[in-house]
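Participant: Attaching a single structure in structure tokens format; questions to follow.
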Amino acid sequence: MKSKYQKIKGTFDILPPETEVWQHIESTIHHICQQFSFQEIRTPAIESVDLFKRNIGDGTDVSKEMFVWKDQSGKEISLKPEMTAPVVRAYIESGFFRKYPLCKMYYIDSFFRREKPQKGRQRQFNQFGVEAFGTKNSEQDAEIILIATQILKKLNIDNTNLSINNIGDSDTRIKYESKLRNYFNDHKNSLSELSKARLEKNPMRILDSKEKEDQTIIKNAPMIKDLLSTEEKEHFSSVLTHLKGLGINYNENPYLVRGLDYYNGTTFEITTQSTGSQNALCGGGRYDSLVEKMGGPETPAVGFAAGIERIILEAKQELGKKNIDIYISCNDEKYTSKGLNIIQNLVENEYKIFFDTNKKNIKNQIKDAVKNNAKFMITINQEISVKNLISKKETNVSESEILPFLKNQ
Ligand code: HAM
């Protein structure tokens with residue numbers, strides 16, 4: 001049978017048992033972020049188009065790919081394509097900048113970009129991320145990267161590469177752009193069509209090109225590090241010293257530019273070494289002027305976001321294992337009330353149960369219990385029997401004996 005309705009292109013249902021993997025990942029994120037005393041922030045799914053256009057950059061791919069419409073009053077609304085601009089908006093609007101001079105927040109949320117769907121690239125996708133406001137110190141850059149690596153480590157994702165760069169402030173970037181433009185202009189004839197189109201408006205984006213013919217030209221392009229101020233160089237070198245001290249491997253990538261306009265200083269990306277073009281798991285960096293640009297006080301900031309779908313593609317999780325503690329069979333209606341009371345009591349005592357409300361015959365229930373890795377099966381009739389599904393030993397117990405009996409197993 002075919003459903004009358006299909007999901008919208010680029011969106012996905014997350015169905016059980018995969019939801020268990022999501023829950024595991026989400027609880028790991030909550031746990032680790034809270035260990036670092038980052039607090040969760042949630043913002044609306046919709047924002048004004050202007051918030052993104054002005055702040056992530058009008059010419060960026062992300063801004064061009066937004067889902068945008070006019071509401072009934074004619075206001076231009078967008079589904080959020082990323083979280084940094086909304087977090088900064090909320091940070092200023094709520095007055096948090098007064099309350100928390102050093103403010104550390106994290107999020108897990110859905111985002112929307114009208115990209116061409118492919119493996120690891122969706123139109124609705126999920127990110128977790130962290131943002132820290134209030135300090136320029138390199139320790140904050142290091143803490144942010146440490147959180148990212150701790151979460152990946154806890155999820156057993158080890159096949160990764162951390163690339164890091166410092167892209168200077170906006171003055172440095174204006175100088176660099178003009179240097180790059182001159183350089184690429186000298187090699188214009190050998191550049192790909194896509195890069196030729198980027199040459200005038202955004203030559204830094206050429207550094208991101210995946211086109212084959214661009215690669216040797218990019219390899220010899222001028223590097224931004226030659227234009228950095230002494231202060232920027234010192235900041236970068238102390239971030240690298242912290243990473244070395246933490247034993248976090250990195251590779252300095254002088255051509256790492258990020259696709260959003262608000263960045264300055266440290267930028268980084270964590271990619272997977274598995275094949276596939278969508279190999280960026282995580283990206284972030286400093287955005288020291290964004291709060292001020294959006295109407296707040298001068299407030300340096302740094303953060304990152306990671307794509308949960310891409311992490312799931314990497315995570316070595318076993319899908320489909322339910323691992324319940326106790327399978328409950330209570331097929332005779334005369335004992336339903338007794339059965340429900342037992343279930344209530346077990347759940348209140350932290351057992352994970354599965355109640356076969358379908359009342360399959362006992363043979364099939366045993367099969368089902370074993371398939372779902374249940375440790376025990378409790379059969380409720382006039383008698384109550386507890387079967388240890390590993391030792392296969394079956395014992396009759398009274399209702400009040402169930403809990404002490406289970407505890408002794
Ligand atoms: P971003 O690099 O645009 O950065 O996205 C971060 C991560 O989200 C990517 O590395 C990727 O894993 C995932 N991602 C992005 N687009 C898609 C998609 N269409 N489908 C699946 N996954 C996707 C930001 O969003 C910045 N706000 C990060 C940041 C936070 N910078 C500072 N603070």
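The values are calculated or read from the model by the stated rules, or taken from the named source; none is laboratory data. Bear in mind the structure is a predicted one, so any value in this text is a computation, not a measurement. Cβ coordinates were reconstructed from backbone atoms using ideal geometry, including for glycine residues, and neighbour counts include every protein chain displayed. When the accessible area is computed, the model is the full protein with side chains, heavy atoms only, and any ligands, DNA or RNA have been set aside. Shrake-Rupley method; radii C 1.70, N 1.55, O 1.52, S 1.80 Å.
Participant: Would you mind classifying the stretch 169-224 by shape? Square roots of the alpha carbon gyration tensor eigenvalues, ordered a ≥ b ≥ c; an a/c under 1.5 is rounded, otherwise it is prolate if a/b is larger than b/c and oblate if not.
Facilitator: Since a/c reaches 1.5 and a/b is larger than b/c, the shape of the stretch 169-224 is classed as prolate.
Participant: Can you give the Rg to Rh ratio of the chain, both from alpha-carbon atoms, with Rh computed by the Kirkwood formula?
Facilitator: Details: Rg = 27.2 Å, Rh = 24.8 Å.
For the chain, the value is 1.10.
Participant: To continue, here is another question. Just for the stretch 326-407, what percent of DSSP beta bridges are antiparallel, to the closest 5?
Facilitator: Numbers: 9 of 16 bridges.
Of all bridge pairs located within the stretch 326-407, approximately 55 percent are antiparallel.
Participant: If you roll a 1.4 Å probe over the heavy atoms of the protein chains, what accessible area per residue do you get for the stretch 326-407, in Å²? Walk me through the numbers before you get to the answer.
Facilitator: Values: 4990 Å² over 82 residues.
With all protein chains present, the stretch 326-407 gives 61 Å² per residue.
Participant: Output ³J(HN,Hα) for the stretch 70-77: one whole-Hz value per residue in order, computed from phi by the Karplus curve 6.51 cos²θ - 1.76 cosθ + 1.60 with θ = phi - 60°, and x for Gly and Pro.
Facilitator: Whole-Hz 3J(HN,Hα) from phi for the stretch 70-77: 9, 7, 4, 9, x, 6, 7, 10.
Participant: Still on this structure, please answer the following. Between the stretch 84-110 and the stretch 223-277, what is the C-alpha centre distance in whole Å?
Facilitator: Cα centres, the stretch 84-110 to the stretch 223-277: 24 Å.
Participant: Go through Ala221, Tyr250, Ser209 and say which Cα lies farthest out towards the positive end of the charge dipole of the stretch 200-261; charges sit on Cβ, +1 for Lys and Arg, -1 for Asp and Glu.
Facilitator: Tyr250
Participant: Here is a further query. So what J values fall out for the stretch 358-371 if you push phi through Karplus, 6.51 cos²θ - 1.76 cosθ + 1.60 with θ = phi - 60°, rounded to Hz, Gly and Pro as x?
Facilitator: 7, 6, 5, 5, 4, 4, 5, 5, 4, 4, 4, 4, 5, 4
Participant: Quick check: convex hull over the Cα atoms of the stretch 263-409, volume per residue in Å³, rounded to an integer?
Facilitator: Looking at the stretch 263-409, the number lands at 235 Å³ per residue.
Participant: Taking amide H positions as placed 1.01 Å from N in the peptide plane, with prolines and chain starts having none, which residues 5 or more places from Leu281, or on another chain, fall under 5 Å of its amide H?
Facilitator: Ile270, Thr271, Thr272
Participant: Roll a 1.4 Å probe over the protein chains and send me the accessible area per residue for the stretch 241-314 in Å². Please report the intermediate quantities before stating the final value.
Facilitator: Numbers: 2840 Å² over 74 residues.
For the stretch 241-314, the solvent-accessible area averages 38 Å² per residue.
Participant: Only four residue types carry charge here, +1 at the Cβ of Lys and Arg and -1 at the Cβ of Asp and Glu. Report the dipole size of the chain about the Cα centre in Debye, rounded to the nearest 20.
Facilitator: On the way: 59 positive and 55 negative charges, 266 e Å.
For the chain, the charge dipole is close to 1280 debye.
Participant: Roughly how many percent of the accessible protein surface of the stretch 326-407 is carbon and sulfur, given a 1.4 Å probe and a whole-percent answer? Intermediate values should be presented prior to the final figure.
Facilitator: Numbers: 2540 of 4990 Å².
Looking at the stretch 326-407 in its full context, I get 51 percent from C and S.
Participant: Still on this structure, I have one more. Could you sort Trp69, Trp22 by accessible area so the largest value comes first, with the probe set to 1.4 Å? Provide the component values of the computation, followed by the final result.
Facilitator: Working: Trp69 100, Trp22 20 Å².
Greatest to least solvent exposure: Trp69, Trp22.
Participant: Rounded to the nearest 10 Å², what accessible area does His235 show when all protein chains are kept and the probe is 1.4 Å?
Facilitator: Roll a 1.4 Å probe over it and His235 shows about 40 Å².
Participant: Can you run phi through the Karplus equation (6.51, -1.76, 1.60; θ = phi - 60°) for the stretch 395-408 and list ³J(HN,Hα) in whole Hz, with x for Gly and Pro?
Facilitator: So the Karplus estimates, Gly and Pro as x, are 10, 7, 9, 8, 4, 6, 8, 4, 4, x, 4, 5, 5, 7 Hz.
Participant: Same structure again: Does the stretch 304-373 classify as rounded, prolate or oblate by the C-alpha gyration tensor (a ≥ b ≥ c root eigenvalues; a/c under 1.5 gives rounded; else a/b over b/c gives prolate, otherwise oblate)?
Facilitator: Note, shape of the stretch 304-373 comes out prolate.
Participant: Using Cα-Cα distances under 8 Å and only pairs 6 or more residues apart, what relative contact order does the chain have, in percent?
Facilitator: Details: 649 pairs, mean separation 64.8, N = 409.
Reported as a whole number, the value is 16 percent.
Participant: Which of rounded, prolate, oblate describes the stretch 326-407, given a ≥ b ≥ c as roots of the alpha-carbon gyration tensor eigenvalues and a/c under 1.5 marking rounded, otherwise prolate only if a/b is larger than b/c? Write down the numbers at each step before the final one.
Facilitator: Details: a/c = 1.33, a/b = 1.06, b/c = 1.25.
The shape class here is rounded.
Participant: Where does helix 230-246 land angle-wise versus the long Cα axis of the chain, in degrees 0 to 90, nearest 10?
Facilitator: 30
Participant: Tell me, what is the per residue accessible area of the stretch 172-237 in Å², probe radius 1.4 Å?
Facilitator: On the way: 4100 Å² over 66 residues.
That works out to 62 Å² per residue.
Participant: If you fit an axis through the alpha-carbon atoms of helix 170-186 and take the longest principal axis of the Cα set of the chain, what angle between them do you get, 0 to 90°, nearest 10?
Facilitator: Once rounded, the angle reads 70 degrees.
Participant: Nearest 5 percent is fine: what portion of the DSSP beta bridges confined to the chain is antiparallel? If you can, show how the numbers build up before the last one.
Facilitator: Details: 51 of 62 bridges.
So the antiparallel bridges amount to about 80 percent of the total.
Participant: Could you give me D for the stretch 63-150, from Stokes-Einstein at 4 °C and 1.567 mPa s, where the hydrodynamic radius is the Kirkwood radius over C-alpha pairs? Units µm² s⁻¹, please.
Facilitator: My calculation gives 85 µm²/s for D.
Participant: How would Tyr100, Tyr335 line up by accessible area, probe 1.4 Å, largest first? Walk me through the intermediate numbers first.
Facilitator: Numbers: Tyr100 85, Tyr335 45 Å².
The ranking, largest first, comes out as Tyr100, Tyr335.
Participant: Per q in 0.12, 0.16, 0.28 Å⁻¹, report the Debye log10 I(q)/I(0) for the stretch 103-174, using one uniform scatterer on each alpha carbon and no solvent.
Facilitator: Ignoring solvent entirely, the Cα scatterers give -0.52, -0.90, -1.18.
Participant: If the elastic network links every pair of Cα atoms under 10 Å, which of Lys334, Lys352, Lys179 fluctuates the most in the Gaussian network model of the chain?
Facilitator: Highest fluctuation of the listed residues: Lys334.
Participant: Continuing with this model, one more query. Please give the calculated 222 nm ellipticity per residue for the chain, where each DSSP H segment of at least 4 residues contributes -39500 (n - 2.57) and the sum is spread over every residue; nearest 500 deg cm²/dmol? Numbers along the way, then the final one.
Facilitator: Numbers: 15 runs with 146 residues, N = 409.
The helix contribution divided over the chain gives -10500 deg cm²/dmol.
Participant: In degrees, nearest 10, range 0 to 90: what is the angle between the Cα axis of helix 336-348 and the longest Cα principal axis of the chain?
Facilitator: 40
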